[in-house]
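First up is the structure itself, then whatever we jot down about it.
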DNA sequence: ACTCTTTCCTAAAACGTTTTCTGAAACTTG
DNA sequence: CAAGTTTCAGAAAACGTTTTAGGAAAGAGT
């Protein structure tokens, strides 16, 4: 492949002149510039991204870390829509997307990985353990960073895009109360996730609004996974209880709960009503079709990408952006009216 | 960030010695090596990928081009599973994934984009027009390249992974014939795709096996999209016809066909049976639940990634690899027995 | 004709690695 | 102990760019 020196030779100008012509510097004669450009075209020249990146320390890449599939807080349809919208926005603005997947350097910090690869900014879609990772702080203190949906709640000064979890949880709980449920088990997700807490807050607000006492015994934190939710539900309903509804903080957790309930001989929604959160693709086809909260994943992804690019290109004035995207209840068939 | 010089200073050795220690050269004393490694760890050193790439001309990135969502040959669930499996395999082997999305350089060739970014190899998942792009040839003549599923059929010397389209199409057609259908409309996909031709071949084989004459009038090529299939079906069934079944080359095309049939007052599968191809996520939940051919997207993606990495690391001996992944019929509710 | 600008171009350093080549010191061997 | 061999470390070039600082030539103003 032709390099800048070849063009210099071909045109008779120096390397520096060619470089400047190529990069639109003003102290280059128009004719010179045109000649260089034409020659570059003819020689199918493309600048070497490594050499350039080495000196400018910039790139047109946006990095993405995302949680493993095994961490089921985010399963695949979820991620896919995020990625698609991020790709669309970033692509339009001139960025490529680098997905960090290399597992041969797992010991290294997020920050190192990003700097090493010279990404201009990072979007983080993390799950479970990853959120607890201490070295994550160094990352967002160094590089333009946007969290999607899932933030370690002890860190507050980060850019973030998330659903309006509190309002949506309020809406879902309110709906259950309309159906005469008053004893509602909240399967909350794991303690470290801000989303889990916000959804609990919405749940409590709704109860309070209807003068139903909040029973902390009904709020259970566990990993965002089908298995954990299954276990929790199974053990909870093995004892006698007056609970008539479950509000899970994810659809997969709702699946786990329903699975457990069925095994215990309960019918859903006949005996117990269940609401999920997310509206993953399979929710509508599930049996029973799952009543759940739909998160607008496309909008969330778009928004995250826009914020990130804005930070990158306006050289970060230090302000922190937080965007909350509305999420609403989608009523299907997994909730029933409680006979009073 | 710490660089190799900092480690040299900290340990008292020269840059070259540090580099060699880090890279496992044999002419380094064990103690020296251990000291360097330990220091590197402590200083959170990570080699600068640009500097290294500049000299080695290698990188640990795999590039991916994939078709736009607007080209519905591949819609989102499809791509998502490919990506996931590619990510898993590449990640385990020490590669990151660069998704080319930057739309500000559309004028450049695939080859230029890849070389400029220094990717070690490329996976192509292309649709419609992209496949016809002339400059694509320069790419696979220059860089390790694997096509997934969709190859411009005029090029033969390319690495490729695809479903066993011919056998699967045979199986699907055979099934329709078992149900006493003999006049089967084949909505084939677009001419330029090898997959379209292979599926037609399987269709013809099945007819021939059962001594049913092949009627070329029943083989219609059109873009892999719901709209085109809808239009084609609508116009086809507006005239009188003895066709009692449709075999579409994608699920979205099957949807288009069913939509048209319903509007024309036909019931599916009552009057007309329809089979799709792909088994996208929504196929099972569609009404009627779609009988279709399931492509093993995870396996296809894995296989493509493995082939690519193999080529990259074994310095391409020039042999061409083609892998065919089995695909089988999933029987649901969109086909019925034809009353004879 | 002299100075002051402006215009256009170049030399050279720098970015952080890898790798080849050279050589000092320490061992072997007879 | 001389000569040969092995072990280990370092110097320096190279990769392909960008960018700073400088300066020659041409034009402008008096």
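The values are calculated or read from the model by the stated rules, or taken from the named source; none is laboratory data. Just so we're clear, the structure is a prediction, and the values are computed from it rather than from any experiment. Methodologically, a virtual Cβ is constructed for each residue, glycine included, from the backbone with ideal geometry; neighbour enumeration extends over all protein chains shown.
Remarks
- The listed residue being within 16 Å of DNA strand C (Cβ to nearest atom), more than 10 Å from chain B (Cβ to nearest Cβ), over 30 Å from residue B:297 (Cβ atoms) and modelled with pLDDT under 95, out of A:3, A:48: A:3
- Unmet requirement for residue A:231, which otherwise passes all of (1) in contact (Cβ under 8 Å) with a residue 60 or more places away in the chain; (2) in contact with a helix residue (DSSP H, G or I) (Cβ under 9 Å, 6 or more places away or on another chain): (1)
- A residue that is more than 27 Å from residue B:60 (Cα to Cα), more than 8 Å from chain B (Cβ to nearest Cβ), in a loop (DSSP other than H, G, I, E, B) and away from DNA strand D (no atom under 16 Å from the Cβ) can be found somewhere in segment A:60-76.
- Residue count for segment B:297-331 satisfying the condition of being within 30 Å of residue B:181 (Cα to Cα), crowded, with 18+ Cβ neighbours inside 10 Å and in contact with a strand residue (DSSP E or B) (Cβ under 8 Å, 6 or more places away or on another chain): 3.
- Helices (runs of 4 or more DSSP H) contained in segment B:1-55 and holding at least 3 residues near DNA strand D (Cβ under 9 Å from one of its atoms): B:15-22, B:30-42
- Residue, farthest from the other protein chains (Cβ to nearest Cβ), within segment B:16-45, restricted to residues that are near DNA strand C (Cβ under 7 Å from one of its atoms) and touching a residue at least 24 places away in the same chain (Cβ under 8 Å): B:22
- Candidate set from segment B:184-207 (those that are more than 22 Å from residue B:336 (Cα to Cα) and out of contact with any strand residue (DSSP E or B) (no Cβ under 9 Å at 6 or more places or on another chain)); member that is surrounded by the most Cβ atoms within 10 Å (Cβ to Cβ): B:196
- Positions within segment B:267-282 being within 21 Å of residue B:337 (Cβ to Cβ) and surrounded by 16 or more Cβ atoms within 10 Å (Cβ to Cβ), in sequence order: B:268, B:269, B:272, B:273, B:274, B:275, B:276
- Residue ID - nearest to the chain's Cα centre (by Cα), chosen from residues in segment A:91-108 that are more than 7 Å from chain B (Cβ to nearest Cβ) and without any contact (Cβ under 8 Å) to a residue 24 or more places away in the chain: A:106
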